[in-house]
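Have a look at the structure below, then the notes.
Readers should treat all values here as calculations from the given coordinates under stated rules, not as data from a laboratory. Note that the structure is predicted; figures quoted are calculated from it, not measured. With ideal geometry, Cβ positions are generated from the backbone for all residues, glycine too; neighbour counts draw on all protein chains shown.
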C-alpha cells in the first residue's frame, strides 16, 4: 500500500511562522511535523510515499529529498495553488495507482500504528476513517460511528483524525487541477453506507495554531 501526506495547506492560523516555513516543516520535539509521519510510515513497512505541496513547496522537497534517509521513496505532487483535500488527492492519483492508499494530514501528531491500516481490504467501501474524541477546539465533532460504519449524523459525534484509507474510486470523477473539498465526497459515500471507520483512542494532536505547536513541543521535549 502506498501512502500520501497532505502538506499543501497554507497554515494561515500559524502566521507569521508559516510566512517563511511550510507548516509541515515546523518542528516539535526536535524534528519537523512531517518527519514524525515519515518515520512512522517507514516503521510500519510502507516504502512509497507521495507528498503534495503548494506554499513554499520547494523547501519541503529540499528538506526531505527522495526519502532515502527515512528508508522511503518519496514522490511529490506540486500544486500551483492548494487544491483542497480531495482535489489534491485526485491530482496525485497518477502517482498513487489503482489500489487503496493511506492518507494522513501533515499537521497532526499521533501514536497511531499505521501497520494496522496497511493491510486493510476496503472491499466495496470507498473509505475507512479514524475518528477520535473531540478535542477542545472542535467540541461538536464531525461524524458518528455505528457498527463499524461512519455516518453523517448520530450520537455521539466524533472528530475525523485526518487519517484514512481511500479507494481511488472516491476521487475518480474529479477533473485534474480542480479545487474540491473532501467532506462532501465522504458524506455522499456515507449515505450509500460505503464508509467504514474506527474510534482511535490513542494519542492524537491537531497542530492548528502556534499555541498548540508550542504545547506539543514542550510535551515531547519533556518526555511525556
Where a label projected 7 Å from the Cα of residue 199 along Cα→Cβ would reach, residues of region 133-175 with amide N under 16 Å: 133-135, 140-161
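What value, in deg cm²/dmol to 500, does the helix sum -39500 (n - 2.57) over DSSP H runs of n ≥ 4 give at 222 nm once divided by the residues of the chain? Can you show the working numbers first?
Details: 8 runs with 61 residues, N = 224.
Using -39500 (n - 2.57) per qualifying helix, the result is -7000 deg cm²/dmol.
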Okay, which of region 117-145 sit inside 17 Å, backbone N to the point 7 Å along the Cα-Cβ direction of residue 181? 138-144
Just the projected area, averaged over all directions, of the convex hull on the alpha carbon atoms of the chain: how many nm²? 11.6
Quick one: if the Förster radius is 30 Å, what FRET efficiency do residue 27 and residue 153 give, using the C-beta to C-beta distance and rounding to 0.05? 0.15
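For region 103-166, report the translational diffusion coefficient in µm²/s to the nearest whole number, using Stokes-Einstein at 25 °C, 0.890 mPa s, and a Kirkwood Rh over Cα pairs. The partial results should precede the final answer.
Values: Rh = 12.7 Å.
D, rounded to a whole number, is 193 µm²/s.
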Share (percent) of C-alpha pair distances in region 41-171 greater than 23 Å works out to 39
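Once R0 is set to 30 Å, what does the formula 1/(1 + (r/R0)^6) return for the Cβ-Cβ distance between residue 192 and residue 111, expressed as a FRET efficiency to the nearest 0.05? List each step's numbers first, then the result.
Numbers: r = 32 Å, r/R0 = 1.08.
That pair, residue 192 with residue 111, gives E of 0.40.
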Take peptides 37-44, 178-185 and line them up by average Cβ neighbours within 10 Å, highest first, as a rough protection proxy. 37-44, 178-185
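Full-extension gain between residue 214 and residue 80, please, as 0.36 nm times their residue separation minus the C-alpha to C-alpha distance. Don't skip to the end; give the middle numbers.
Working: separation 134, 0.36 × 134 = 48.24 nm, distance 3.00 nm.
Full extension of this stretch gives 45.2 nm more.
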Please report, in Å, the Rg and the Dmax of region 1-102, where both are computed over Cα atoms only. 13.1, 39
